[in-house]
Amino acid sequence: MAISRTRKTSAIALILFFFFVVVSIASSAFESDELLQDDDEFGLEGGVRATPNPDRASPARSPSQKRFSSSDQESDSKVQFSLEHAFGDSDFAPAGTFSARLKTWSHGGQTLTKLRFSRDGFTESQKETFKKLLKDDDFYRIRLPSNVLNSNGKEYVMSSVKARCLTRENLDEHFVIHMDGVNVLAVNYGSPGTCHYPRLLKLPAKWSFNSYTVLKGGEQAPRAPVFTEEIFGGENGVSELEKQPEKSFWAKYWMYLVPLGLVVMNAMSQAMNMPEEQAGGQPGSQGQAVQRAQGSAARRR
Amino acid sequence: MEIRVLILLLLPLLLISLFAPNPTVALYEDQVGLMDWHHKYIGKVKHAVFHTQKAGRKRVVVSTEENVIASLDLRRGDIFWRHVLGKNDVIDAIDIVMGKYVISVSSKGSVLRAWNLPDGQMVWESFLQGSTLSKSFFSAPLNIKIDKDNVVLVFGKGCIHAVSCIDGEILWKNELSSESSDIQHVFQPLGSDLIYAVGFITSSKLVIYQINAKNGDLLKQSTVDFPSGFSGDLSLVSTDTLIALDSTQSKLVKISLVNGETSLLPRDIADLIDGFSGMASLLPSKLTGMLAIKINSYIVFVRVSAEYRLEVVEKINYPAAVSNSLSLLEGNYAIGLVQCSGSKIHLTVKLDSDWNSDMIKESIELGHQRGIAEKVFINDYIRTDRSPGFRALIVMEDHSLLLLQQGEIVWSREDGLASIMDTTTSELPVEKAGVSVSKVEHNLFEWLKGHILKLKGTLMLANSDDIVAIQEMRLKSSEKNKMTRDHNGFRKLLIVLTKAGKVYALHSGDGRVVWSLLLPSFRMSNTCHHPTVLSIYQWQVPHHHAMDENPSVLVVGWCGFSLDSPGILSFVDSYTGKELYSLSLTHSIAQVIPLPFTDSTEQRLHLLIDADGLAHLYPRTDEAIKIFQRELPNTHWYSIDGEKGIIRGYGLQYSCLPGITDEYCFGAKELWSIVFPSESEKIIAATTRKLNEIVHTQAKVLADQDVMYKYISQNLLFVATVAPKAAGEIGSANPEESWLVAYLIDSITGRILHRVTHPACQGPVHAVFSENWVVYHYFNLRAHRYEMSVIEIYDQSRSDNKDVLKLMIGKHNLTSPVSAYSRPEVIVKSQSYFFTHSVKAIAVSLTAKGITSKQLLIGTIGDQVLALDKRYVDPRRSINPTPSEKEEGIMPLTDSLPIIPQSYVTHSLQVEGLRGILSVPAKLESTSLLFAYGVDLFFTRIAPSRTYDSLTEDFSYALLLITIVVLVASIFVTWVLSEKKELREKWR
């Protein structure tokens, strides 16, 4: 009987466990109550961080070659940093300039806004090297300084793409610059759309760049949900009860209806067989006829 | 007719039981041990103290390098009790005091604990304070008495403490190290009230403290200059004589402390030993009146007499272990020596007074797989014929522990298995035609008897004897221990690599060691002084082409401790446990990348990245290079520099460095880099998907008939960074100045696909990546709780494929190849939940086809493994799920993840010192094998969605058989009856 005993103890354990769950629900509700208060108190301070604006992604499209007038940007909070590129394994050379406004927040954090980009066109010799890249299906690499304020001696963030991905009608390029304050975490470089896999050799019709730049900050994670008792207990239970009758009759009783259907069909087929049997056999009551039909069926087997 | 009716009746029942929402997967009490096993280990023994005086149970108390204190049975080697101290609580010394307490000093001399000897209960615990963090953490417990109180002297943190043995009270304390002194010995001359503490201040200054043993007052402090300097070795020969070694390691310096006066007397070793050259060192064994000096390849025993006559008594070859001297009743001292030659081990016990005659000289055959003896501890006992006998506890090179007595091995423990570095698995050999299976099931009668017993159990008719028999039968089921592959893929070889450089193959049925191999290429040799093992990989998995060959594994290691030391590769046959061949590389190994290609003999291609960023291809065959050349433009790798906070991605070039003509070497070109600003972010965790994971479907069908496409890429990398201030322990930073940033990075292009900041959170971060989701665990400082977050990533670029019309006319991109260079259109869903436990390791269950739902396998702080359904950490949970969402299996949102006691897969067991969890798919889709390792090993089978594709172990075939028989019989009976009735009807 030890087995049954163990099963029984596990059943008791199950009951105990449910009791424990009920108790723990009640207690967790109390805790979360306190946490909400906490939230109110520190809510403001929580926002005080170097990355205050979570939705800072500011897509800016700048037509290439168009120099912006710098008269309105003359404030001392203007920053510039240069884009450098390399063809295959060559050394990096300047290829354009990013300029942006450095906004200093009251709490000391700094962020970049209003990013503009001016792209230098390819020189003739660069065009030739680029053509060679296209031919070899090699990488076109770009890099940015990892800190926009002082780029000296700091690391560079680098990105690269197969040159064949860039050529459309023009040269289409897409920058996603991931920023953390004044630091550039990473730059993702590539074509704005898809780059189809068997990369075909195609020379651009026009040697001008269509540049798209996106500045991305970090997102804040959603907070872990904190519940109070009423969500847990009353409301939910009632609504669940109300929703119950919405189930259709078929959805509820299909498991009975299907076998019933089978039985009926079975009986039907029996009934179909019956007249044939009756023709040759003796008259009898309905039930007996069915049974006999069965019997003869068995005999035939 | 009846069958049909029965089935009709059973069908609903069957369906109900299949779909009933029952989340419990727990075992019944009688199922424990059926498919799980748990082995206890202690690790490599550092200290051992015997307790054999009383007539009771003989035991030896040991402390190990895994920070375990354990009491072992001297007769059988079983563990009476053991305590696993924390990872940072390194045990410095242990001793037995008053014959009933084991005392231990740990954490660099700051924690002193006493354990009750019989049952291992902690009696008291004292924290020793010390102002200076002294480098030495030496402690010398020795017995003196103050006011009839047993006192133990502890040196730690630069102080000498006298601690009462009764309750751990600190009676007095003397802080010695005003300067950076390095105390080597604390001792008390016999019958004296003085305590001497001797150490070095600088390399050329010796310091001697004299302390009153009663109250700890410092009586005298003297320093002695020795201009030519000391090497740091200091050996206590007798209570007034110490021998040190000078800085050239060619002179012995005798230090005598007679009447409080200190005198130094140097002497050349060359005078003592003919033909001495090179360096000498003192062995750390504590010998009385003797000295063991290691010179080149031999050990010289030197007797030190009172008037400083040095006399060489014996010279033995080096690979030998010397015990401390053991004081015998007659005032003699015994010393144990263990030497190894070939497969034999020689134990010699000698008396110091009479060196020429051996007390014991024994040779024992040991085999080749244990290496040399590293430590020996001896203990004496009185034989039945009243003559003295000795037993020796020997720690071998592979960390195993042996007890030798009367010329044989009484017991041995494979304690190397407590320090597993890496694990992999291998299939067992296929059952050959010659191997008979019928042996397993004895005969039909036995089989039937077994099932009748099971039936009795099921019908609750069994009495207690039957139940015992049933339980025994189930546990002993030889089915699970066979050495051949089984249909369900439950039987496997677990191949584990331990820190000692030994490879073990464990059978998954019961965890027994099938074979073990102390890797010859990872043993200390003249060419490589400090080999270290790193990891183990599947090298050759015969699959289609080479079924006759045995699978093999690759063991990777370094010859040295640093990244730039040359690498060693060793190839081991998984079935025979023989080393096939080994390679000593000229380049270093920073990273090993198993490539997704195999050659014609099913050898997997591996790319080894060295410290200079060059890639080396293995195996070095023409065929491998041909395969790899094709895939070279598509091969990328990345490196994470945690110090500087830079992740770099590389592509490969066709040639190595200019000037080097090595066709198996490829240069790398940097393609992308991500620089985390050092002032705000520090990398603390990174994880990727498992290479062998199989994803069943890319599409996820929602309840509203909508489809989401999982973004499935082998190249996704999850990286977590924290604020540098918050990189320390929990509580070391304010919530305001700590944050945690999680990244999803495509490791081909360096694209940051997702970046999310958790404010006021900090590490340690444990993460697991599977399919298109990552779950990570961290601490939330503001909520004062641990949290688990989930990020799921979905591909939007394929969402147009939902249009059936487009699919029909072929306007879809389902078959077009995916390029990493395309701009990904992804959407990310995430959610955070509170989680009660802190986590030691986290893994995910893997199944053969990836159809079965996943479980997170969480190694909790209590050293247990918790299986948590992935459904609980779903980002799509909402407070009030719609009926259709409920149908899909989405649970209502809760703020914390439930911990259901029944979902501990380790049930009541603890895998002490849990470090890793490995999940291996079985052939049966529903089932996954789980291997958890730490100091202990634990193995079990888990079925995340329950075993929907097989019958349970205790399924009663007899009941089924009987039911069928009864049904058939009743059909016949009713048939006969109906025939008769029909006949009667006809005759009527």
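The values are calculated or read from the model by the stated rules, or taken from the named source; none is laboratory data. Note that this is a predicted model, so its numbers are computed, not measured. Note that we place each Cβ from the backbone using ideal geometry, even for glycine, and neighbour counts take in every protein chain shown.
Is it the case that some residue within the stretch B:944-962 is in contact (Cβ under 8 Å) with a residue 60 or more places away in the chain, among the basic types (K, R) and either surrounded by fewer than 20 Cβ atoms within 10 Å (Cβ to Cβ) or within 14 Å of chain A (Cβ to nearest Cβ) (or both)? Yes, because at least one residue in the stretch B:944-962 is in contact (Cβ under 8 Å) with a residue 60 or more places away in the chain, among the basic types (K, R) and either surrounded by fewer than 20 Cβ atoms within 10 Å (Cβ to Cβ) or within 14 Å of chain A (Cβ to nearest Cβ) (or both).
One line per residue, one yes/no per condition, for (1) hydrophobic (A, V, I, L, M, F, W, C); (2) within 30 Å of B:Q471 (Cα to Cα); (3) within 18 Å of the chain's Cα centre (by Cα):
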site: B:H38; (1), (2), (3): no, yes, yes
site: B:V45; (1), (2), (3): yes, no, yes
site: B:T52; (1), (2), (3): no, no, no
site: B:V62; (1), (2), (3): yes, no, no
site: B:E66; (1), (2), (3): no, no, yes
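Out of B:A726, B:A703, B:A699, I need the residue that is at negative phi and crowded, with 16+ Cβ neighbours inside 10 Å. Which one?
Working: B:A703 fails: crowded, with 16+ Cβ neighbours inside 10 Å; B:A699 fails: crowded, with 16+ Cβ neighbours inside 10 Å.
Within the list B:A726, B:A703, B:A699, the selection yields B:A726.
Look through the stretch B:714-741, keep the residues that are among the hydroxyl-bearing types (S, T, Y) and under 30 Å from the mean Cα position of the chain (by Cα), and return whichever of them is farthest from the other protein chains (Cβ to nearest Cβ). Checking each candidate, the answer is B:S732. Is it true that some residue in the stretch B:196-213 is outside any strand (DSSP E or B), in contact with a Phe, Trp or Tyr (Cβ under 9 Å, 6 or more places away or on another chain) and surrounded by 19 or more Cβ atoms within 10 Å (Cβ to Cβ)? Taking every residue of the stretch B:196-213 in turn, none turns out to be outside any strand (DSSP E or B), in contact with a Phe, Trp or Tyr (Cβ under 9 Å, 6 or more places away or on another chain) and surrounded by 19 or more Cβ atoms within 10 Å (Cβ to Cβ).
Tell me yes or no: at least one residue of the stretch B:591-599 is of a type in the set (S, T, N, Q), at pLDDT below 90 and under 19 Å from B:F571 (Cα atoms). Checked against the condition, which is being of a type in the set (S, T, N, Q), at pLDDT below 90 and under 19 Å from B:F571 (Cα atoms), the stretch B:591-599 yields at least one hit.
Of the residues A:D172, A:D180, which is facing chain B (nearest Cβ under 8 Å), acidic (D, E), in contact (Cβ under 8 Å) with a residue 24 or more places away in the chain and buried (at least 18 other Cβ atoms within 10 Å of the Cβ)? Steps first, answer last, please.
On the way: A:D172 fails: facing chain B (nearest Cβ under 8 Å).
Result: A:D180 is the single residue among A:D172, A:D180 that is facing chain B (nearest Cβ under 8 Å), acidic (D, E), in contact (Cβ under 8 Å) with a residue 24 or more places away in the chain and buried (at least 18 other Cβ atoms within 10 Å of the Cβ).
Return the total of residues in the stretch B:279-297 being more than 17 Å from B:K350 (Cα to Cα) and among the small types (G, A, S). Residues flagged as more than 17 Å from B:K350 (Cα to Cα) and among the small types (G, A, S) within the stretch B:279-297 amount to 3. Take A:F130 and tell me if it is in a helix (DSSP H, G or I), among the hydrophobic types (A, V, I, L, M, F, W, C) and more than 14 Å from chain B (Cβ to nearest Cβ). So A:F130 fits the description; yes. If you go through the stretch B:614-645 and keep only what is within 19 Å of B:N715 (Cβ to Cβ) and in contact with a strand residue (DSSP E or B) (Cβ under 7 Å, 6 or more places away or on another chain), you end up with B:A615, B:F628, B:E631, B:L632, B:T635, B:H636, B:W637, B:Y638, B:S639, B:I640.
Residues that are assigned to a strand (DSSP E or B) and at pLDDT below 90 were ranked within the stretch B:105-116; the one that is nearest to the chain's Cα centre (by Cα) is B:S106.
Residue count for the stretch B:767-785, restricted to those that are of a type in the set (K, R) and within 8 Å of another protein chain (Cβ to nearest Cβ): 1. Scanning the stretch B:752-766 for residues that are surrounded by fewer than 21 Cβ atoms within 10 Å (Cβ to Cβ) and either part of a loop (DSSP other than H, G, I, E, B) or away from chain A (no Cβ under 14 Å) (or both) turns up just one, B:P764.
Just wondering, is there one or more residues in the stretch A:212-232 that are surrounded by fewer than 18 Cβ atoms within 10 Å (Cβ to Cβ), at pLDDT below 80 and more than 11 Å from every other protein chain (Cβ to nearest Cβ)? Looking through the stretch A:212-232, at least one residue is surrounded by fewer than 18 Cβ atoms within 10 Å (Cβ to Cβ), at pLDDT below 80 and more than 11 Å from every other protein chain (Cβ to nearest Cβ).
Taking (1) touching a residue at least 24 places away in the same chain (Cβ under 8 Å); (2) aliphatic (A, V, I, L, M); (3) surrounded by fewer than 23 Cβ atoms within 10 Å (Cβ to Cβ) in turn, B:I382 satisfies each apart from (1). Any residue at all in the stretch B:579-590 that's among the polar types (S, T, N, Q) and touching a helix residue (DSSP H, G or I) at 6+ places or on another chain (Cβ under 8 Å)? Yes - at least one qualifying residue is present in the stretch B:579-590. If you filter the stretch B:636-678 down to residues that are buried (at least 20 other Cβ atoms within 10 Å of the Cβ) and hydroxyl-bearing (S, T, Y), you find that the one that is farthest from B:A611 (Cα to Cα) is B:S673. Of all residues in the stretch B:858-873 being of a type outside the set (D, E, K, R) and in a strand (DSSP E or B), which is nearest to B:T927 (Cα to Cα)? So, considering only residues that are of a type outside the set (D, E, K, R) and in a strand (DSSP E or B), the one nearest to B:T927 (Cα to Cα) is B:A867. Any residue at all in the stretch B:878-893 that is more than 14 Å from chain A (Cβ to nearest Cβ) and assigned to a loop (DSSP other than H, G, I, E, B)? Yes, the conditions are met somewhere in the stretch B:878-893. With respect to the conditions (1) in contact with an Asp or Glu (Cβ under 6 Å, 6 or more places away or on another chain); (2) surrounded by 15 or more Cβ atoms within 10 Å (Cβ to Cβ), B:S231 falls short on a single one, namely (1). When B:E311, B:E330 are screened for being among the acidic types (D, E) and not in a strand (DSSP E or B), only B:E330 passes. When B:L234 is tested against the conditions (1) hydrophobic (A, V, I, L, M, F, W, C); (2) assigned to a loop (DSSP other than H, G, I, E, B); (3) more than 19 Å from B:S305 (Cβ to Cβ), the lone failure is (2).
Can you name the residue in the stretch A:98-127 that is outside any loop (DSSP other than H, G, I, E, B) and over 35 Å from the mean Cα position of the chain (by Cα) and, of all such residues, is nearest to the other protein chains (Cβ to nearest Cβ)?
Step one: filter the stretch A:98-127 for residues outside any loop (DSSP other than H, G, I, E, B), giving A:98-104, A:110-119, A:124-127.
If we keep only those that are over 35 Å from the mean Cα position of the chain (by Cα) too, we end up with A:124-127.
Numbers: A:E124: 26, A:S125: 22, A:Q126: 19, A:K127: 22 Å.
Looking at the filtered set, the residue picked out is A:Q126.
Scan the stretch B:818-840 for residues that are buried (at least 19 other Cβ atoms within 10 Å of the Cβ), under 30 Å from B:V935 (Cβ atoms), out of contact with any Leu (no Cβ under 6 Å at 6 or more places or on another chain) and not β-branched (V, I, T) and the total you get is 1.
Taking the stretch A:142-179, which residues are assigned to a loop (DSSP other than H, G, I, E, B) and closer than 22 Å to B:S822 by Cβ? Full working, then the answer.
Here is the first cut: in the stretch A:142-179, the ones assigned to a loop (DSSP other than H, G, I, E, B) are A:146, A:148-155, A:166, A:168-170.
Answer for the stretch A:142-179, where residues must be assigned to a loop (DSSP other than H, G, I, E, B) and closer than 22 Å to B:S822 by Cβ: A:L166, A:R168, A:E169, A:N170.
Give me a count of the residues in the stretch B:906-942 that are in a loop (DSSP other than H, G, I, E, B) and either among the charged types (D, E, K, R) or over 27 Å from B:M460 (Cα atoms) (or both).
17
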